[in-house]
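Take a look at the structure set out below.
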Amino acid sequence: MTVSDPPGRRQHARSRGPRGAKVGHEKAFWLIAFAYMINLAFTAVPAPLWTIYQQQDGFSTFMITVVFTAYSVGVIISLFLVGHISDWHGRRRVLLIGVLTEAASAVMALASSSLAVLLVTRLVVGFGIGMVTATATAFLIELHHRARPGASRRRADVVATAANIGGLAIGPLIGGLLAEYVGRPLQIPYLLFLFLLLASAAGVHFSPETVDGAPARRAYRPQRVSVPRAMRPTFFAAAAATFAAFAAFGLFTSLGPGFIAGTLHHPSRTLAGLAAFMVFGAAAVTQIALPGVTPKKLLGHGLVLMPLGLVAVTVGVWQAQLPVFLAGGVVTGGGAGMLFKGSVSTVLGMAEADTRSETLAGLFLSAYAGLSVPVLGIGIATRYVSAEVALIGFTALLIALCLGGSRQLVGAGRTAAVAEPVPGTAAEGAADA
């Protein structure tokens, strides 16, 4: 998912990478895909580890949600302050800085598990991943065009989506397996990913640049956010749906493992990682396997499936039924994936070319607010009511958001054309998110 600048903001090198590149465009394409996947996986590794932090350091459910929120804050800051500068300073340079930032956060996590260090670590993780996600998709598409001139962009789209959401899926699974079967569960996962992050940084370093190394000097400005007046009703409906979709993802990567270990009485760390893997895996499948489905159908199915899945998750928690909880998670993930993809396609189809970047910036602001605010709300609520009661409020809120904008959103999806993204714009990364 990227927030980048409008077309015409950068110049491309024709085919020759800058001095220092050691591999061709085809091999570089796969090196960047690997780096993208590893970085996204690293951000999700702690999901099955939160219960260990709670047991070892006495963190409350509220503090876990605060730590989780720090990540989203870091992403938002990065996306709006530095996520777009690769258009000016080059994909390779900005992506390398992002990957090394992730590696630095892995060192911080290895150094201490104290609350203060963990908060700063997750903030740094978010800041780094904002640079990575804002750069890697455009880099992949540009490398694909250089390696296969005139070919369809379909391969780049699929690989970018698989690396993004696939990384989010495998991160918790790897973290859970290592925590379950290898000693030092709060060190070994970070140590492994530190090695993988450094390896991916090497791959980025030896890849050819796809942006002219001498862009015209321009004054820095943060990424703008704006929504044309005529499309505001549709945009706000899409923003509400996106907020709800990311809130559902946030539930499974923050408090989901706690529900599994506590209320559902299954303390297996592998199972905690598997649950997150299933949710993100379902989202990845719906986005990759449904390339030609219209925004209207994506939104219609998503607006039905995600609420049904959330109800099943809530019932599973209240009835202490793990199969119902996991099945609800899969349905929720699939519905959220369709809802987000349909929302992005609808916004892209209605926005003018010169405002797409600013409009999508607003949509991603809603997305990452959804990733953190409702989960933090559950954390606050658990200080006064049980986690099970707080989950009912969470589910009711997300269902209300889906229902509130459903008529406006599906109506817009019926008429919106799916815009063909212009290389290097925000549309490029978002159309496949």
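Among A162, A156, which is the only one that is closer than 25 Å to P291 by Cβ, under 21 Å from the mean Cα position of the chain (by Cα) and open to solvent by less than 10 Å² (accessible area, probe 1.4 Å)?
On the way: A162 fails: open to solvent by less than 10 Å² (accessible area, probe 1.4 Å).
Being closer than 25 Å to P291 by Cβ, under 21 Å from the mean Cα position of the chain (by Cα) and open to solvent by less than 10 Å² (accessible area, probe 1.4 Å) holds for just one of A162, A156, which is A156.
Picking from P257, P295, P323, which residue would you name as being touching a helix residue (DSSP H, G or I) at 6+ places or on another chain (Cβ under 8 Å), modelled with pLDDT under 95 and either closer than 28 Å to V159 by Cβ or open to solvent by 60 Å² or more (accessible area, probe 1.4 Å) (or both)?
Unique residue meeting the criteria: P295.
Which one of A289, A282, A230 is closer than 17 Å to V330 by Cβ, at pLDDT below 90 and open to solvent by 10 Å² or more (accessible area, probe 1.4 Å)?
Details: A282 fails: at pLDDT below 90; A230 fails: closer than 17 Å to V330 by Cβ.
From the options A289, A282, A230, the qualifying one is A289.
Being part of a helix (DSSP H, G or I), more than 24 Å from G281 (Cβ to Cβ) and open to solvent by 30 Å² or more (accessible area, probe 1.4 Å): is that true of F127 here?
On the way: part of a helix (DSSP H, G or I): yes; more than 24 Å from G281 (Cβ to Cβ): yes; open to solvent by 30 Å² or more (accessible area, probe 1.4 Å): yes.
The answer is yes for F127.
Buried (at least 24 other Cβ atoms within 10 Å of the Cβ), under 23 Å from V66 (Cα atoms) and modelled with pLDDT of 90 or more: which single residue out of G335, G377, G370 fits that description? Step through it out loud before you land on a result.
On the way: G335 fails: under 23 Å from V66 (Cα atoms); G377 fails: buried (at least 24 other Cβ atoms within 10 Å of the Cβ).
Within the list G335, G377, G370, the selection yields G370.
Taking the stretch 187-199 on its own, how many of its residues are open to solvent by less than 40 Å² (accessible area, probe 1.4 Å) and either farther than 12 Å from A106 by Cβ or of a type in the set (F, W, Y) (or both)?
2
Applying the selection to the stretch 304-323, what residues are part of a helix (DSSP H, G or I) and more than 17 Å from L255 (Cα to Cα)? Explain how you work it out, then say what you get.
First, pick out the residues of the stretch 304-323 that are part of a helix (DSSP H, G or I): 304-318, 322-323.
Listed by number, the residues that qualify are V304, L305, M306, P307, L308, P323.
For the stretch 210-224, give me the residue count where each residue is closer than 23 Å to I76 by Cβ and either modelled with pLDDT of 80 or more or not small (G, A, S) (or both).
Here the count works out to 5.
Scan (1) among the charged types (D, E, K, R); (2) crowded, with 21+ Cβ neighbours inside 10 Å; (3) in a loop (DSSP other than H, G, I, E, B) for the single condition R92 breaks and write down its number.
Answer for R92: the failing condition is (3).
Go through the stretch 373-411 residue by residue and tally those that are of a type in the set (K, R) and within 22 Å of F235 (Cα to Cα).
The number of residues fulfilling the criteria is 1.
In this structure, is G150 of a type in the set (G, A, S), without any contact (Cβ under 8 Å) to a residue 24 or more places away in the chain, in a loop (DSSP other than H, G, I, E, B) and more than 30 Å from T286 (Cβ to Cβ)? Walk me through how you get there before you give the answer.
On the way: of a type in the set (G, A, S): yes; without any contact (Cβ under 8 Å) to a residue 24 or more places away in the chain: yes; in a loop (DSSP other than H, G, I, E, B): yes; more than 30 Å from T286 (Cβ to Cβ): no.
Here the answer is no, as G150 does not meet what is asked.
So, in the stretch 238-280, how many residues would count as being of a type in the set (A, V, I, L, M, F, W, C) and not in a helix (DSSP H, G or I)?
Start the filter on the stretch 238-280 by keeping residues that are of a type in the set (A, V, I, L, M, F, W, C), which leaves 238-241, 243-249, 251-252, 255, 259-261, 264, 271-272, 274-280.
Filter once more, keeping what is not in a helix (DSSP H, G or I): 255, 264.
Residues meeting the conditions: 2.
The values are calculated or read from the model by the stated rules, or taken from the named source; none is laboratory data. Predicted, not measured: the structure shown is a model, and the values here were computed from it. Every residue, glycine among them, receives a Cβ derived from its backbone with ideal geometry; neighbour counts consider all protein chains shown. Surface accessibility is based on the protein's heavy atoms, side chains included, excluding ligands, DNA and RNA. Shrake-Rupley method; radii C 1.70, N 1.55, O 1.52, S 1.80 Å.
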